[in-house]
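For reference, the structure is listed below as structure tokens.
The values are calculated or read from the model by the stated rules, or taken from the named source; none is laboratory data. Since we're looking at a predicted model, the values are computed, not measured. Because the Cβ atoms are built from the backbone with ideal geometry, glycine has one as well, and the counts that use them run over all protein chains shown. Just so you know, the surface numbers come from the protein's heavy atoms only, side chains and all, with ligands and any DNA or RNA stripped out. Shrake-Rupley method; radii C 1.70, N 1.55, O 1.52, S 1.80 Å.
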Amino acid sequence: MKFLFDLFPVALFFVAFKVWGIFVATAVTIVATLAQIAWVAFRHRKVEPALWVSLGVIVVLGGSTLLLRDEMFIKWKPTVLYWVFALTLLISRFAFDKNLMQAMLGKKIVLPQRAWSALNSAWAGFFVVLGCLNLAIAYQFSTDTWVNFKLFGGTALMFIFIIIQSIWLTRYLKSE
């Protein structure tokens with residue numbers, strides 16, 4: 001359910017783009033993300049740092065898109081977010097010796113340390129690749145194709161990666 005809630009601004013962006021174009025869709029995404037944060041703050045009293053980072057990137061790049069009337073700024077947004085996530089996973093692991101995947105999931109599943117390290121690195125690598133793929137599509141294809149990839153392709157790749165990770169993790173869970 002949380003995953004669907006996280007897709008709320010993306011889905012609204014998609015609908016607004018199909019009806020009104022990239023600039024209205026960008027404004028809708030900024031407002032939707034603000035509404036999403038307000039809802040989370042009201043409901044849970046705490047907003048995850050990733051959502052604040054997402055809002056910051058959306059406001060800066062979306063605002064630049066609207067002010068300069070240049071759609072490439074909003075096309076960079078997913079890549080910036082993916083790369084921030086990848087860097088956060090890697091820097092926390094190697095600079096602070098903290099595995100964020102273990103911190104997030106460690107209460108739910110028990111894994112050997114090497115599996116946590118592999119999981120953390122796999123997610124960091126996935127986010128780097130997804131960011132590169134986003135830029136390739138943004139620069140090589142039409143905005144309409146990019147929007148379709150952003151909603152359907154990116155979401156499908158995320159689901160596939162989660163399924164692969166889940167299958168890989170079962171070998172550790174069976175032995176526990």
Meets criteria (under 19 Å from the mean Cα position of the chain (by Cα) and either open to solvent by 40 Å² or more (accessible area, probe 1.4 Å) or basic (Lys, Arg) (or both)) for LEU173: no
Just checking, does segment 106-117 include any residue being among the aliphatic types (A, V, I, L, M) and either on the phi > 0 side of the Ramachandran plot or open to solvent by 60 Å² or more (accessible area, probe 1.4 Å) (or both)? yes
Checking TRP83 against (1) farther than 18 Å from LEU51 by Cβ; (2) open to solvent by 40 Å² or more (accessible area, probe 1.4 Å), the condition it does not meet: (1)
Which one of these does GLN102 not meet: (1) without any contact (Cβ under 8 Å) to a residue 40 or more places away in the chain; (2) assigned to a helix (DSSP H, G or I); (3) farther than 20 Å from SER166 by Cβ; (4) over 13 Å from the mean Cα position of the chain (by Cα)? (3)
When both residues are 6+ apart or on different chains and their Cβ atoms are under 7 Å apart, which pairs have a first residue that lies in segment 56-70 and is over 17 Å from ALA35 (Cα atoms), and a second that is open to solvent by 30 Å² or more (accessible area, probe 1.4 Å) and β-branched (Val, Ile, Thr)? LEU61/VAL80
Set PHE42, PHE17, PHE13, PHE23: member being open to solvent by 80 Å² or more (accessible area, probe 1.4 Å) and either under 21 Å from PHE85 (Cβ atoms) or over 13 Å from the mean Cα position of the chain (by Cα) (or both): PHE42
For the condition touching a residue at least 60 places away in the same chain (Cβ under 8 Å) and out of contact with any Pro (no Cβ under 8 Å at 6 or more places or on another chain), what is the one hit in VAL84, VAL80, VAL110? VAL110
Those residues that are of a type in the set (Val, Ile, Thr), assigned to a helix (DSSP H, G or I) and more than 16 Å from the chain's Cα centre (by Cα), I need them from segment 110-141; list them, please. ILE137
Residues in segment 26-39 that are open to solvent by 20 Å² or more (accessible area, probe 1.4 Å) and in contact (Cβ under 8 Å) with a residue 24 or more places away in the chain total 2
